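What follows is a short report on a single structure.
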Amino acid sequence: MILYSKMYIAMKKIIQLITILSFILLVPFSGYAQCKGFAKKICKMELGSYIHDGNYHAAVLTEGEEAELYKTCSSGQEYRLTVCSSEVFPNIEFKVLDANNRVLFFNRDHNYTRVWDFKPQASQQLKVWVRVPVSSKSSSGDVVSGCVAIMFGFKNK
């Protein structure tokens, strides 16, 4: 009887450990899934008449964090780039740079617009840099995080 109760306790502890580990491993994926769902439902609409390229580049970022994305664009094709975020981030900064790190567009110079329409003269790889500024509202010490998505669309030729 004592052996049975020790085995029962050991099995119960193993099941608890597996449950805790599963929760720890799956929570980040559920956050990503919610963020990707946000990109699909909300951000895709900001492409307007442009055809979505099929990629959902979305991540949960906190204040002060940066992200980069590389995108190859074809010459003569009309594109729309949109950076979308949850309402907790009113002003997301983004830059578009060419292969020589020349700034082609910086939304801070355009009243933090979230959309940029462009038509490259030559095929090139662009780097999209995104940063979530630190808000003065977060002085309470709370870390603010939310979903940020980068979406590309194009027009049919």
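Scanning region 124-140 for any residue that is under 19 Å from ASN55 (Cβ atoms), modelled with pLDDT of 95 or more and open to solvent by 80 Å² or more (accessible area, probe 1.4 Å) turns up at least one such residue. Between GLU66, GLU87, GLU78, the distinction of being open to solvent by 70 Å² or more (accessible area, probe 1.4 Å), modelled with pLDDT under 90 and of a type in the set (D, E, K, R) belongs to GLU87 only.
Working only within region 30-63, note down all residues that are aromatic (Phe, Trp, Tyr), touching a residue at least 60 places away in the same chain (Cβ under 8 Å), farther than 18 Å from LYS127 by Cα and open to solvent by 40 Å² or more (accessible area, probe 1.4 Å). Answer for region 30-63, where residues must be aromatic (Phe, Trp, Tyr), touching a residue at least 60 places away in the same chain (Cβ under 8 Å), farther than 18 Å from LYS127 by Cα and open to solvent by 40 Å² or more (accessible area, probe 1.4 Å): just PHE38.
The values are calculated or read from the model by the stated rules, or taken from the named source; none is laboratory data. No experiment lies behind these values; they were computed from the predicted model shown. Cβ: placed from backbone, ideal geometry, glycine included. Neighbour counts: every protein chain shown. In case anyone asks, the SASA skips ligands and DNA or RNA and just uses the protein heavy atoms, side chains included. Shrake-Rupley method; radii C 1.70, N 1.55, O 1.52, S 1.80 Å.
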